[in-house]
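The values are calculated or read from the model by the stated rules, or taken from the named source; none is laboratory data. Since the structure is predicted, the reported quantities are computational estimates derived from the model, not experimental observations. Glycine also receives a Cβ, built like all others from the backbone with ideal geometry; neighbour counts cover every protein chain displayed.
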Amino acid sequence: MNIAAWFGLLSIALLMATPVLLAMLGEMLTQRTGIVNLGVEGQMLVGAAAGFAVTYASGSPWLGMLVGALAGMALSSVHALLCLGLGVNQIASGLAIFFLGNGLSAFYGAPLVGQQISGFHSLAHGWLGHLPIVGSFLGQLTSTVYLALILVLLCGLFLYRTQWGLVWRATGESADALRMLGKKPVALRIAGILTGGLFTGLAGAALSVDYTRTWVEQMTAGRGLLAVGLVIVARWNPWLALPVALIYGLSEALALRLQSMGADISPYLLGTLPYLVPLVVLLLSYRASQRGTSMPQELVGVFRGMA
Amino acid sequence: MKVELIDISKRFGPVQANDAVSLEIGEGEVLALLGENGAGKSTLMKVLYGYYRADSGQVLLGGREVDIASPRDAMALGIGMVFQQFSVIPALTVLDNLLLAYPDAPLWHGRGNTAKVLRLLAEFAPGVAPQRLVSELSVGQRQQVELVKVLNLDARLIILDEPTSVLAPEEVQRLHAVVRKLADTGRSVVFITHKLEDVRACAHRVAVMRVGKLVAQADARGMDAAKLVTLMVGDASLKPVAQTAPPASAVARISLRNLRCSTESLSLEGIDLDIAPGEVLGVAGVSGNGQDLLADAATGMVNLQEGDVLLDGEVLHSRDTRQPHDARQGYIPEYPLKNAVAAEMRNSLNLALRGLLRLPLFPRWAKLDARADALMERYDVRPRQSGLASGRLSGGNLQKLVIARELSEPRQFIVACYPTMGLDLHATQAVYDELFRQAAAGAAILWISEDLDDLLRYAHRIAVLYHGRIAGVLTAGEADRVRLGHLMTHGEAA
Amino acid sequence: MKSFLALPWVDRAFVPVAGTLVFLLLAAVFFQLNGYAPLQIFSQMVQGAFGNAFSTNTTLSKTIPILFCAMATALPARMGLVSVGAEGQLYFGALTGTAVVLAITAAPFWELFPAALLLALLGGALWGAIPGVLRAALGVNETIVTILMNYIAIKIVEYAVYGPWKDAANLGWPATIAFPDAAKFPSLHLGALSSNWALVLAVLLAIVLHVLVEKSRWGTGLSLLRSNPRVARMAGLSYTRHAIAVMALAGSLAGLAGWVQAANVQTHLQPDISSGYGYIGFLVAWLAGQNFLRIIPLALIMGGLLSSGDALQLFAQLPFSNTLVMQALLFISVLGVGAWRAKHRSVA
């Protein structure tokens, strides 16, 4: 493949990675406070449904994205209520959110199935697309990709360069230490869950409003779960979120590319790639991520099923 | 400023942790708060620090009554506390830890504006670079960072909660010097401890607590050690623990040969130890040098990468076979609640653990309960309920339960890892009695302890663990605090 | 009030009863907000579940896979493993069983059925053992792995029925040839009710597993492994061996469900042999407190819920997806009430 073809593959990979990237950032922020939220899938679904519905009704994709994000946040508040307010096991609570988001999005999204929207304006014709050399590549990317990249930057700077980010990180390492300093880990965890909800709702909206521009029941197809797994691969580090999300994006792009090249492999088998590749990468890096101090210490018990 | 605690009382369920305690701490004074485990010293100071709320009583600062509702309030009033379980976060850097605790920390961490947090670092934690992760620091260094954290808050009163229990002798001396320095600069220090040498080294006054009450206060300099011990412990009806005779034969009962194993954070290398029947081999070392891993390796609880453990010449554990449930072996691990029992399961099950696989497919639970009742009676475990979840037992009773399981039958090899940590003197004695009774009957004992005094008193030989290797083995005759201390901190003989 | 709640029968009934009440309240709110009369819907639900022979048979038909999948969740849960993989194990078991049917299609019942069933069990066991191995050897969280493997299993089945196993006579409809009667569970009739022997098998297995888990040394071992794997080692129990065995056994139960769905219900292997039974089974197991006896009536109730969902779609124009919402609300209600109760019990 020549350079243009590589860039083409990369741009498709970025487009496909964006929803997962946004979901990863959200779950990363949540897990950094010591909470695991397996309901990401459900939050993405309500974000996708709500975002699509609002865009369809109002014609404004940005409004749709905003409402999608808020819908995700609203659903995540149930997780906060269950596991922080009532003390429900985090894994069970997250799965309950998954089911609820699945059900609500299917129910309210039913009338929207089969509808189409036009989504964001293409950037290929704007100033970005007219830049020399990189213009054609940059123009192929959509507004949500740039939004995601900006959010990566903001998350990284927040976590590693601000006082609030430091407190945020400390909450995930030792709630006890925070209490001894007179701070309230619960408040931070609520913020963690809600922020995660905001990002994952946004991720779902990016999927339906920007990428597919349609709505179908269960359209996220496990991307939320993958995001949870990939957060571990990215060592809870926003700077690593983009390359790791690209692993997912490239698997999907590769599957598409192989299919369109007329390869003799069934599209369904190729369809296992976006799950298999991240899963294998997760397995390879799992041991390493538990070694030393990569995993926020408060999560260790949760992942072993004990919290 | 003078601090006064007046009639402080605090109850936790059935336990009266503090019973109308009144105490004064003067400016620039080092007060040693002495008492054995469970006396209520920590609780009292945690009330002062706002971590607990007293049920009744008052706190006066400089004559004015204050309400300390949280550690934040305490810090604002200039009271700081260095806990036994450090609250520095290992995954973060030293700088991050200091910033975290700093009330006026800048919102944005640029290169220039974080300098003020590091001012006292060079003075009180020499050799600790700000960008290092705390997980890479030694225990002594972590404690230093913890202290700097507290000093950064302009603390005028500093509470140290059992700071020397985890340090080597050299580091202990360094700490004493720091405490004296703090007092010289006009700060007050409350030094919670159960060791007399801490009192001797740096205290101006000593206050003794026992079972929640303040029983005595005295000038530290003119004090009588024996009297203090009596005050700490109550009636002097403590029979001295029977010292066991040194082993008759030199033929090893237990051989640890060239053991090598590792976990995520620690590794052991080249461990070679022989223990004769009836011998008590003590293991000393600064905490974090591989003690619990050694205990686990010797009992077959972790994978061995190399080497083996022989019992009377035959292989007990090796790289290929591990038998942690072997009936000839007894194991009293560190942190019994986490490592020796399944906390949610009933006492009778936890007591029957070693024989679980020999039970029939459908066991008679009534018979197991009866057996458990008998054992709990014999070892005075309270409450005597075989159906109670073991996690509900208090520390001392839990350890008695573990001992009931591990030491009630004759064993040929016993590993005890910090078996008396957190226990009061009576419970400690009970543990030693059981352990040395087994030794007298011919068991080989591997005893890991943080208490150098006890090791020197009872062990036949003492090995020192340093960075996962045996730095040296001294006989009872050769061993003293200086030689052991040097091995513990330098890994080689002086 | 406190002494009333402390009565043993009240104590045990509190969470299920209060949980159900909270659920009914939330469900009623949901229906009301969407313009449906709650009481009417509830009564139509009961009608649609057990109102006549047809609906009862539908309910029983749906109960079978739910029961198996619930057992496939509860068994690992006794060891502390949170497996959500029954769906994928169901699909994979159906896949491997189908391979036998396609290989020896004309064989008589006593050859075909046992062989197909065995392969279905083995296929499910394999799909369950993989996350078990990963958890035991690498410590990878089994919840994430099992859910991802669900998606993979479905894709593999899609590959098979759109591709090499597609019946050419089907004109584009993705499914295999129709399964011969020799591959199916024999049917069972009781008056107007009709089901098949898989139902009896499921109930029997639930009872047997209940006895083993609650009363045997093996069951106690599982509880010990859940409570403290390290201490279990001191008793001579190997976490690895038990994790893999339990996950494989659980997987085979779900694989059995897959066979019932493929052979008896759909009579073909096709992409929609399951209406999310794996996830519903997970839910039932949790609601039952991982207790095998309680799973039986709860699975029946869930089967009724799904059966009434079909009816409600037809008669009340209520979209079938409302059953998904109902399940979620029930889960949340019972989780919430259970946790609240646990919190207040320890304080008292």
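Of note:
- Considering segment A:106-129, and only residues there that are among the aliphatic types (A, V, I, L, M) and within 14 Å of another protein chain (Cβ to nearest Cβ), the residue that is surrounded by the fewest Cβ atoms within 10 Å (Cβ to Cβ) turns out to be A:VAL113.
- Residues in segment C:320-339 that are over 16 Å from A:ILE97 (Cβ atoms) and crowded, with 19+ Cβ neighbours inside 10 Å: C:SER321, C:ASN322, C:THR323, C:VAL337, C:GLY338.
- C:ALA206 satisfies every condition listed in (1) closer than 18 Å to C:ALA262 by Cα; (2) at pLDDT 90 or above except (1).
Residue by residue, here is whether (1) small (Gly, Ala, Ser); (2) in a strand (DSSP E or B); (3) more than 9 Å from every other protein chain (Cβ to nearest Cβ) holds:
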| position | (1), (2), (3) |
| --- | --- |
| B:LEU310 | no, yes, yes |
| B:THR321 | no, no, yes |
| B:PRO324 | no, no, no |
| B:TYR331 | no, yes, no |
| B:GLU334 | no, no, yes |
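- Within segment C:98-137, the set of residues being among the aromatic types (Phe, Trp, Tyr) and either free of Cβ contacts under 8 Å to residues at least 12 places away in the same chain or farther than 22 Å from C:LYS166 by Cα (or both) comprises C:PHE109, C:TRP110, C:TRP127.
- Among (1) in a loop (DSSP other than H, G, I, E, B); (2) polar (S, T, N, Q); (3) modelled with pLDDT of 95 or more - the single one C:THR176 does not satisfy: (3)
- In segment A:263-287, the qualifying residues are those that are within 7 Å of another protein chain (Cβ to nearest Cβ) and surrounded by fewer than 19 Cβ atoms within 10 Å (Cβ to Cβ), and the one that is farthest from A:THR220 (Cα to Cα) is A:ARG287.
- Strands (runs of 3 or more DSSP E) wholly inside segment B:37-98 containing at least 1 residues that are away from chain A (no Cβ under 12 Å) and polar (S, T, N, Q): B:56-61
- Within segment A:259-273, restricting attention to residues that are of a type in the set (A, V, I, L, M) and at pLDDT 85 or above, the residue that is farthest from the chain's Cα centre (by Cα) is A:LEU269.
- Within segment C:12-50, the residues that satisfy the criterion of being small (Gly, Ala, Ser) and buried (at least 18 other Cβ atoms within 10 Å of the Cβ) are C:GLY19, C:ALA27, C:GLY48, C:ALA49.
- Odd one out for B:ARG405 among (1) among the charged types (D, E, K, R); (2) crowded, with 19+ Cβ neighbours inside 10 Å; (3) not in a helix (DSSP H, G or I): (3)
- Options A:LEU166, A:LEU181: the member that is within 10 Å of chain B (Cβ to nearest Cβ), in contact with a His (Cβ under 8 Å, 6 or more places away or on another chain) and either under 20 Å from B:LEU133 (Cβ atoms) or surrounded by 20 or more Cβ atoms within 10 Å (Cβ to Cβ) (or both): A:LEU166
- Within segment C:327-338, no residue that is within 13 Å of A:CYS83 (Cβ to Cβ) and more than 7 Å from chain A (Cβ to nearest Cβ) sits with its Cβ atom under 8 Å from a residue that is modelled with pLDDT of 95 or more and not in a helix (DSSP H, G or I) at 6+ positions apart or across chains.
- Which listed residue, of A:LEU276, A:LEU284, is touching a helix residue (DSSP H, G or I) at 6+ places or on another chain (Cβ under 8 Å) and modelled with pLDDT of 85 or more: A:LEU276
- Scanning segment B:370-393 turns up one or more residues that are in contact (Cβ under 8 Å) with a residue 24 or more places away in the chain, at the interface with another protein chain (Cβ under 10 Å from one of its Cβ atoms), part of a helix (DSSP H, G or I) and surrounded by fewer than 22 Cβ atoms within 10 Å (Cβ to Cβ).
- Answer residue from segment B:173-194, given it is in contact with an Asp or Glu (Cβ under 8 Å, 6 or more places away or on another chain) and not polar (S, T, N, Q) and is farthest from B:VAL286 (Cα to Cα) among those: B:GLY186
- Qualifying residue in segment C:237-246 (condition: within 12 Å of chain B (Cβ to nearest Cβ), surrounded by 18 or more Cβ atoms within 10 Å (Cβ to Cβ) and modelled with pLDDT under 95): yes
- Residue pairs whose Cβ atoms lie under 7 Å apart, sitting 6 or more positions apart in sequence or on different chains, and linking a residue in segment B:212-226 that is on the phi > 0 side of the Ramachandran plot and touching a residue at least 60 places away in the same chain (Cβ under 8 Å) to a partner that is of a type in the set (D, E, K, R) and surrounded by fewer than 16 Cβ atoms within 10 Å (Cβ to Cβ), do not occur here.
- Some residue of segment A:59-82 being outside any helix (DSSP H, G or I), touching a Gly at 6+ places or on another chain (Cβ under 9 Å) and either of a type outside the set (A, V, I, L, M, F, W, C) or facing another protein chain (nearest Cβ under 8 Å) (or both): no
- Test result for A:VAL78, among the aliphatic types (A, V, I, L, M) and farther than 27 Å from C:LEU287 by Cβ: no
- Any chance C:MET234 is within 14 Å of another protein chain (Cβ to nearest Cβ), crowded, with 24+ Cβ neighbours inside 10 Å and within 25 Å of C:ALA299 (Cα to Cα): no
- Members of segment C:46-95 found to be away from chain A (no Cβ under 12 Å) and of a type in the set (S, T, N, Q), listed by number: C:GLN47, C:ASN52, C:SER55, C:THR56, C:ASN57, C:THR58, C:THR59, C:SER61, C:THR63, C:GLN89
- Evaluated against (1) closer than 20 Å to B:MET421 by Cα; (2) in contact with a Ser or Thr (Cβ under 7 Å, 6 or more places away or on another chain), B:PRO336 falls short on exactly one condition, (2).
- Consider segment C:145-198 and keep the residues that are within 14 Å of chain A (Cβ to nearest Cβ) and of a type in the set (Val, Ile, Thr). The one that is nearest to A:LEU225 (Cα to Cα) is C:ILE147.
- Some residue of segment A:288-301 being more than 14 Å from chain B (Cβ to nearest Cβ) and crowded, with 18+ Cβ neighbours inside 10 Å: no
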